[in-house]
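Written below as structure tokens is the structure these notes are about.
FYI, it's all coordinate maths here, none of it is from the lab. Because the structure is predicted, anything quoted here is derived from the model rather than measured. For neighbour counting, all protein chains shown are included, and Cβ atoms are generated from backbone atoms with ideal geometry for every residue, glycine included.
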């Protein structure tokens with residue numbers, strides 16, 4: 001069974017190969033995250049992990065395949081928009097999901113200390 005991070009990474013890879021626009025990336029990620037949030041009753045941990053998995057998948061594509069860094073920003077924004085816009089129980093955990101996304105970005109920046117663009121990227125997104 002594939003993890004949610006692998007699913008997002010696969011979707012992003014297909015989009016990158018197809019030359020998708022940033023808007024297409026945002027729409028696709030938002031839809032995949034909303035679909036994930038719609039399966040059963042998810043708690044704050046699952047909602048946070050879903051958003052963080054999307055961020056990690058985007059970072060993985062940038063790191064491993066040289067995808068544009070803007071992909072990370074688009075994916076993080078889309079994942080958080082999905083949580084906020086999903087409503088119901090999931091929206092209550094928007095702050096937790098936001099923290100999880102930034103924790104994933106900060107972790108990557110620490111791992112890649114020799115690459116200053118990761119620190120820049122982690123600080124680029126607004127901390128809603």
Open item on the list: Going through 27, 7 one at a time, which residue ends up being part of a helix (DSSP H, G or I), under 18 Å from residue 84 (Cβ atoms) and in contact with a helix residue (DSSP H, G or I) (Cβ under 9 Å, 6 or more places away or on another chain)?
Closed with: 27
TODO: Would you be able to say whether some residue in region 77-87 is surrounded by 13 or more Cβ atoms within 10 Å (Cβ to Cβ) and without any contact (Cβ under 8 Å) to a residue 24 or more places away in the chain?
DONE: yes
Open item on the list: Any residue in region 1-29 that is closer than 12 Å to residue 79 by Cβ sitting within a Cβ distance under 8 Å of a residue that is part of a loop (DSSP other than H, G, I, E, B)? List the pairs, counting only those 6 or more apart or interchain.
Closed with: 12/67; 28/20
TODO: With respect to residue 42, determine if the residue is in contact with a helix residue (DSSP H, G or I) (Cβ under 9 Å, 6 or more places away or on another chain) and under 24 Å from residue 112 (Cβ atoms).
DONE: no
